[in-house]
1. Where in the chain are the helices, taken as whole DSSP H runs, whose Cα atoms extend 24 angstrom or more along the long axis and whose Kyte-Doolittle mean reaches at least -1.0?
2. Given a Förster radius of 30 Å and the C-beta distance between Glu94 and Val134 as r, what FRET efficiency does 1/(1 + (r/R0)^6) yield to the nearest 0.05?
3. How many angstrom separate the Cα center of segment 111-187 from the Cα center of segment 29-65?
4. Mind checking the full-extension length gain between His32 and Val56? Use 0.36 nm per residue of separation minus the Cα-Cα distance, one decimal, nm.
5. Say a paramagnetic label sat at a point 7 Å from the Cα of Arg104, along Cα to Cβ; which residues of segment 13-40 have their backbone N under 15 Å from it?
6. Just subtract the alpha-carbon distance of Glu160 and Ser45 from 0.36 nm times their residue separation and send over the number in nm, one decimal.
7. Using alpha carbons only, what's the Rg to Rh ratio of segment 40-159 with Rh from Kirkwood?
8. Here are some pairs, Lys27/Lys193; Lys17/Lys165; Lys17/Lys195; Lys165/Lys195; Lys17/Lys123; which of them have Cα atoms lying more than 22 Å apart in this structure?
Amino acid sequence: MSEIPIIWILGGPGCGKGTQCAKIVEKYGFTHLSSGDLLRNEVASGSDKGRQLQAVMSSGGLVSNDEVLSLLNDAISRAKGSSKGFLIDGYPREKNQGVAFEERIAPADLALYFDCSEDTMLKRIMARAAAAAVKRADDNEQTIRARLQTFKLNTSAILELYADKTLTINAERDVDDIFQEVVQAIECVLKKKAKAAVQC
């Protein structure tokens, strides 16, 4: 596992991390795993596990960390042979999840944190909501601000714990400027990996 880079992608809703992930996948051919997508796909598959997850999510509950980790673990195991690297998007959401991920799956090589002000994220989410064909019940300013506050509290704990492997990127700039910084960080990780492989 150690020769394949694992990169955590952190950032609040509307910080532009989806756009950056798409660009990373296009340039490096990494596997993009979003915890939210994995949950939705499992539900859509109609499996027993999917039905259980659906029941939890419909009642407004949070899916347990164990469930999310096992979905991530399965997805990583499936892609391991063919993947050039993994982008873990939207996970960990709190520091205990980071600890559990590294114990059960593998240590992350890098955490990219897309830093964006609350006002910018709010504007972007509201614009996205206005353009969406299907309106989400939670796309109103009050709910979004509450989500952003929760995100901020949890993320600062993750950033403290993983300060040595986290790169904070100013996500208020032009998409290409942000991506240049992302590329530099990934190139650095790939060089370290190549060196480690040579030493083995």
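Each value in this text was obtained by applying a stated rule to the coordinates, not by laboratory testing. Every value quoted in this text rests on a predicted model; they were computed, and no experiment measured them. With ideal geometry, Cβ positions are generated from the backbone for all residues, glycine too; neighbour counts draw on all protein chains shown.
1. Details: long enough: 141-161 (30 Å, -0.13); 175-199 (36 Å, 0.25).
Counting only whole DSSP H runs, the qualifying helices are 141-161, 175-199.
2. On the way: r = 29 Å, r/R0 = 0.96.
Efficiency, from the Cβ-Cβ distance: 0.55.
3. Spelled out, the Cα-based centre of one part sits 22 Å from the other.
4. Details: separation 24, 0.36 × 24 = 8.64 nm, distance 2.47 nm.
That pair, His32 and Val56, stretches by 6.2 nm at full extension.
5. Under cut-off, by backbone N: 35-36, 38-39.
6. 37.7 nm
7. On the way: Rg = 16.4 Å, Rh = 16.7 Å.
A ratio of 0.98.
8. On the way: Lys27/Lys193 18 Å; Lys17/Lys165 18 Å; Lys17/Lys195 29 Å; Lys165/Lys195 18 Å; Lys17/Lys123 15 Å.
Result: Lys17/Lys195 exceed 22 Å.
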